[in-house]
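The values are calculated or read from the model by the stated rules, or taken from the named source; none is laboratory data. In this text, all values refer to a predicted model and were calculated from it rather than measured experimentally. As a convention, Cβ positions derive from the backbone with ideal geometry for all residues, glycine included, and neighbour counts pool all protein chains shown.
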Amino acid sequence: MADSFFVGKRVLVTGGGRGIGKGIVLRLQELGATVFALTVSDSSFAELQNIPGIHALQVELSDWDATRAAVTSVLPIDLLVNNAGIFIGEPFLRTTQESFDR
């Protein structure tokens, strides 16, 4: 049963192709939202494209121009779930500026 808050909302989810992000995408779709899932993964992109109410956009978020184009193509957006992230296995106090900026 759809929660009335999400029905008709347009939601953008970064990192929506795997793990927690994919779970968020699927749950929002179940709750009646139209979901735009940004993913870098080929297999996740193909899988999500086949689910009604989910629109997968394949983009590498570190590419600012490609990300801007992808997001602009789905505007307007009502909600953002900023889920994307990467793991860098460095001790916190030894993290380089380059690693932090990724």
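Of all residues in the stretch 1-57, count the ones that are among the basic types (Lys, Arg), out of contact with any strand residue (DSSP E or B) (no Cβ under 8 Å at 6 or more places or on another chain) and under 18 Å from Leu75 (Cα atoms).
Count: 0.
Is it the case that some residue within the stretch 85-97 is assigned to a loop (DSSP other than H, G, I, E, B) and of a type in the set (Phe, Trp, Tyr)? The answer is yes; a qualifying residue exists. Taking the stretch 71-102 as the range and being out of contact with any strand residue (DSSP E or B) (no Cβ under 6 Å at 6 or more places or on another chain) and within 13 Å of Val35 (Cα to Cα) as the test, the residues that pass are Val71, Leu75, Pro76.
Gly53 satisfies every condition listed in (1) on the phi < 0 side of the Ramachandran plot; (2) in contact with a helix residue (DSSP H, G or I) (Cβ under 6 Å, 6 or more places away or on another chain) except (1). Can you work out which of the residues in the stretch 12-44 that are among the charged types (D, E, K, R) and at pLDDT below 95 is nearest to Ile54 (Cα to Cα)? By that ranking, first place goes to Arg18. Does Ile86 count as modelled with pLDDT under 90, exposed (fewer than 15 other Cβ atoms within 10 Å of the Cβ) and aliphatic (A, V, I, L, M)? For Ile86, the condition - modelled with pLDDT under 90, exposed (fewer than 15 other Cβ atoms within 10 Å of the Cβ) and aliphatic (A, V, I, L, M) - is met.
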